[in-house]
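> Dropping a structure here in structure tokens format, bear with me for questions.
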């Protein structure tokens, strides 16, 4: 049933060959075909601009006030590309290899190879658009190295690479809007997908200002709506990030791939208070010079500077002598959790570890440290009020990215024909762990260079009957959306949306976060449905559906998180192995490292929704590794 | 700490608005300003009152969605800080704060502290781009950009489009916003072919959207969370003069 549609032939030629085999749409006919794109981040904006340029009738939707707000904007570090400008041994093949290995062998080889090939074109395209990448004095592009790879292939624009790439795509999109190729619908949230005769044919949206429920019909629907990290309530995601678009599509028949694969980033500012709404990421580059430690003694409340050297435990250096503080994200995160669980965490609540620059300052001098990391130290002080030149920073892991998402084939099409999924919203390229500076690469690869081929191919290969919003299916879905909103408002219970969201977040974080056990997951599988039950009986929303109502917006999203969270736990329970960001305590090596089980779990989990109250059905897409040799990762 | 908030409440763009006073108790110094607002909203909802609408998304100072006036100052007046990153550490027990939305004809109030900034998108549509349709672009290294130009372009491109510059300007001018985009694109070799057309078109769009003109108050630079310098307005005006003369010559 699951057909990944990977083209035959040598891996280097698959994409080239499949592009040649794709059918084309005559330029004069493109205007007659409508493409709906939901989301205006890197993947959505780049796809909308590119398809608009080709001449399709594009409708693009975002819930924010402008497409420029999408959360791609917050990515700091950079974007990988196998340009090999440094002559340091990089190549398409090496980027491919690093990505498959970094993903702990749970991604599709053919997709990752294509991603590495396209990475080269992305940089060219973005430079042509005027993205102000960092330059050297000779005028050439600068690059840096990033998280656990041995080459310098990351292009960057100060600490705002995501912002600049997004603005590049946004500007191309605005140009198309002005030219009439794209109609932009801002402050418009997709609340359901319309499937007619087995094909995705449109969406139902809510105008967030007026509350009007509207329908839009199309030949193709693209979801580029980002990740679902906010299921944890606290994450580095923007507050508006949500799963609603992909979850509604899941309920309409799109399989959900690897829902339990989430990335927890090790260097974030710890939670400081009960009202905290969001976690702030500190660039991973800090681990190049900072040393991570906690006191050896439990419950040691002395200030860091008064704890003598012999009473400190530099646990990463102790456990991983060869990689030390530079172990991959998942390993660093898990170790921080372990020492805090032992009662050796620091700061208020004991949920933090030190990242200490005292040695670096002694070695290089404060001015050099300031030059390298000044903006990060400033940001840290802004938020915590502490001067990290004098006292060590406190950090703790936080949810950052979701590798899981809607299952797609090689063409980025979901199990619903005509529904394409791009960027973080799909499950495709990162396996069980994403490497740094690869999210931007994937979003733009999907939007600029893959969908503009695969969508025309779909349109040209299928005789799509004319469908408009008067079709009974559109009327029925719109009615369902209206009923759901009325139901949410009608509960009139006692608790606010945020209180439910926080409670859900804690459950998922405790039992489906950095370490997962069968016991904890089973307990969640009972507690989450109970919480959902309470939500639908005790939620309180002030106001109506016919106005700007931010509580109502949140309620719809949290209702979907309450369903997704259950599937995440189910998936995590099913996968009785540890891989990448998914650590099952039952599956570890004698010295406590993640233990993969390739015999039993070398597959993609693709979950099928079977209806309200029924159990999901698991489908498996087997993964074959022909070009990368399967190895157990070791950083000792 | 306990605070008194005088908050602008307005049902929608057609209704009249007014200030309503609220007390917020139990604010801690490690909260952000918006977390304090979350607390206010939780309390309001518990009492059955509508929460205060305000815009926000990333809460890390980069998406540009948040912003309102605190005691008359955009983003609260801490240099280089958006209101989402403003820490409650800077306030003290008993403080009385007045919160109101951006005030500008081009930014109609939508509800409470939320305004419509779509005029900014339309200024970008007029020319805030380099036409480079997706396809086979020349190799990225084929275009050399002197570091000083690349750095200036980046300084200008750092604008987050929050609208504080407009809110702070006595003329409600969008000059800093527009100049930032023009400086970004006009500083780069890729931006040269459309340079003067872009400048003329974006400035015209700015006027069409009912933004005022610059009279060198410098309030915009003072409140800009990305510290975009007012010098860029000078650059924009220079290119505008050039664009006007070229047009006359044609």
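> Answer yes or no as to whether residue B:185 is within 19 Å of residue A:66 (Cβ to Cβ), in contact (Cβ under 8 Å) with a residue 60 or more places away in the chain and facing chain A (nearest Cβ under 7 Å).
So residue B:185 does not fit the description; no.
> Oh, and also: Evaluate the following for residue A:118: is it at pLDDT 95 or above and surrounded by fewer than 24 Cβ atoms within 10 Å (Cβ to Cβ)?
So residue A:118 passes the test.
> Among the listed residues A:371, A:342, identify the single one that is free of Cβ contacts under 8 Å to residues at least 12 places away in the same chain, assigned to a helix (DSSP H, G or I) and out of contact with any strand residue (DSSP E or B) (no Cβ under 7 Å at 6 or more places or on another chain).
Testing whether each residue is free of Cβ contacts under 8 Å to residues at least 12 places away in the same chain, assigned to a helix (DSSP H, G or I) and out of contact with any strand residue (DSSP E or B) (no Cβ under 7 Å at 6 or more places or on another chain) leaves just A:371.
> Another one. Can you report the number of residues in the range B:141-159 which are within 18 Å of residue A:167 (Cα to Cα) and either in a loop (DSSP other than H, G, I, E, B) or free of Cβ contacts under 8 Å to residues at least 60 places away in the same chain (or both)?
Total meeting the criteria: 8.
The rows are residues; the columns are (1) facing another protein chain (nearest Cβ under 9 Å); (2) over 18 Å from residue B:165 (Cβ atoms).
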residue	(1), (2)
B:18	no, yes
B:22	no, yes
B:48	yes, yes
B:59	yes, yes
B:67	no, no
B:70	no, no
B:76	no, no
B:79	no, no
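> For residues that are within 21 Å of residue A:400 (Cα to Cα) and assigned to a strand (DSSP E or B), scanning just the range A:280-314, find the one that is modelled with the lowest pLDDT.
In this case the residue turns out to be A:281.
> Say we look at the range A:237-257 and pick out the residues that are in a loop (DSSP other than H, G, I, E, B) and touching a helix residue (DSSP H, G or I) at 6+ places or on another chain (Cβ under 7 Å); which of these is farthest from residue A:551 (Cα to Cα)?
Applying the filter and picking the extreme gives A:237.
> Do we find that residue A:89 is surrounded by fewer than 20 Cβ atoms within 10 Å (Cβ to Cβ), more than 22 Å from residue B:129 (Cβ to Cβ) and within 11 Å of chain B (Cβ to nearest Cβ) in this structure?
no
> Would it be correct to say that residue A:240 is closer than 15 Å to residue A:37 by Cα, at pLDDT 95 or above, buried (at least 24 other Cβ atoms within 10 Å of the Cβ) and within 14 Å of chain B (Cβ to nearest Cβ)?
For residue A:240, the condition - closer than 15 Å to residue A:37 by Cα, at pLDDT 95 or above, buried (at least 24 other Cβ atoms within 10 Å of the Cβ) and within 14 Å of chain B (Cβ to nearest Cβ) - is not met.
> Additional query: Residue check: is residue A:505 over 24 Å from residue A:546 (Cβ atoms), modelled with pLDDT of 95 or more and out of contact with any strand residue (DSSP E or B) (no Cβ under 7 Å at 6 or more places or on another chain)?
yes
> Please work out which one of (1) surrounded by 23 or more Cβ atoms within 10 Å (Cβ to Cβ); (2) within 30 Å of residue B:133 (Cβ to Cβ); (3) modelled with pLDDT of 95 or more is the condition residue A:409 fails and give its number.
Only one criterion in (1) surrounded by 23 or more Cβ atoms within 10 Å (Cβ to Cβ); (2) within 30 Å of residue B:133 (Cβ to Cβ); (3) modelled with pLDDT of 95 or more is unmet by residue A:409, namely (1).
> Does residue A:463 satisfy the condition of being out of contact with any helix residue (DSSP H, G or I) (no Cβ under 7 Å at 6 or more places or on another chain) and closer than 30 Å to residue A:340 by Cβ?
no
Residues checked against (1) in a helix (DSSP H, G or I); (2) in contact with a strand residue (DSSP E or B) (Cβ under 9 Å, 6 or more places away or on another chain); (3) within 14 Å of chain B (Cβ to nearest Cβ):
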site: A:46; (1), (2), (3): yes, no, yes
site: A:59; (1), (2), (3): no, yes, no
site: A:85; (1), (2), (3): no, yes, yes
site: A:121; (1), (2), (3): yes, no, yes
site: A:127; (1), (2), (3): yes, yes, yes
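> Got a sec? Which of A:284, A:317, A:309 is surrounded by fewer than 23 Cβ atoms within 10 Å (Cβ to Cβ) and in contact (Cβ under 8 Å) with a residue 40 or more places away in the chain?
A:284
> Of all the residues that make up the range A:345-359, how many are modelled with pLDDT of 95 or more and assigned to a helix (DSSP H, G or I)?
2
> Quickly run through the range A:584-602 and pick out the residues that are surrounded by 14 or more Cβ atoms within 10 Å (Cβ to Cβ) and either without any contact (Cβ under 8 Å) to a residue 12 or more places away in the chain or touching a helix residue (DSSP H, G or I) at 6+ places or on another chain (Cβ under 6 Å) (or both).
Hits for the range A:584-602 are A:587, A:588.
> Right, another one. If you go through the range B:127-147, how many residues are facing chain A (nearest Cβ under 7 Å) and touching a helix residue (DSSP H, G or I) at 6+ places or on another chain (Cβ under 7 Å)?
13
> A further question follows. I'm trying to understand the selection: among the residues of the range A:346-385, which are surrounded by fewer than 16 Cβ atoms within 10 Å (Cβ to Cβ), within 13 Å of chain B (Cβ to nearest Cβ) and in contact with a helix residue (DSSP H, G or I) (Cβ under 8 Å, 6 or more places away or on another chain)?
Hit for the range A:346-385 is A:385, nothing else.
> So, one more: Please find, within the range A:64-73, the residue that is nearest to residue A:379 (Cα to Cα) out of those that are part of a helix (DSSP H, G or I) and in contact with a helix residue (DSSP H, G or I) (Cβ under 6 Å, 6 or more places away or on another chain).
Looking at the filtered set, the residue picked out is A:73.
> Another question, if that's okay. Would you say residue B:121 is at the interface with chain A (Cβ under 9 Å from one of its Cβ atoms) and surrounded by fewer than 18 Cβ atoms within 10 Å (Cβ to Cβ)?
When the stated conditions are applied, residue B:121 does not pass them.
> Could you please find all residues in the range A:100-115 being touching a strand residue (DSSP E or B) at 6+ places or on another chain (Cβ under 9 Å) and modelled with pLDDT of 95 or more?
Those that are touching a strand residue (DSSP E or B) at 6+ places or on another chain (Cβ under 9 Å) and modelled with pLDDT of 95 or more: A:105, A:106, A:107, A:108.
> Let me ask something else about it. Could you count how many residues in the range A:71-83 are under 30 Å from residue B:61 (Cβ atoms) and at the interface with chain B (Cβ under 8 Å from one of its Cβ atoms)?
3
> What number of residues in the range A:129-149 are surrounded by fewer than 24 Cβ atoms within 10 Å (Cβ to Cβ) and either at the interface with another protein chain (Cβ under 10 Å from one of its Cβ atoms) or in contact (Cβ under 8 Å) with a residue 24 or more places away in the chain (or both)?
14
> Shifting gears a bit: Considering only the range B:152-170, state which residues are within 14 Å of another protein chain (Cβ to nearest Cβ) and either buried (at least 24 other Cβ atoms within 10 Å of the Cβ) or more than 17 Å from residue A:128 (Cα to Cα) (or both).
B:152, B:153, B:155, B:156, B:157, B:158, B:159, B:160, B:161, B:162, B:163
> With the checklist (1) surrounded by fewer than 24 Cβ atoms within 10 Å (Cβ to Cβ); (2) under 27 Å from the mean Cα position of the chain (by Cα); (3) modelled with pLDDT of 95 or more; (4) assigned to a loop (DSSP other than H, G, I, E, B) in hand, flag the one item residue A:77 doesn't pass.
Failing condition for residue A:77: (3).
The values are calculated or read from the model by the stated rules, or taken from the named source; none is laboratory data. Note that this is a predicted model, so its numbers are computed, not measured. All Cβ positions, glycine included, derive from the backbone under ideal geometry; neighbour counts span all protein chains shown.
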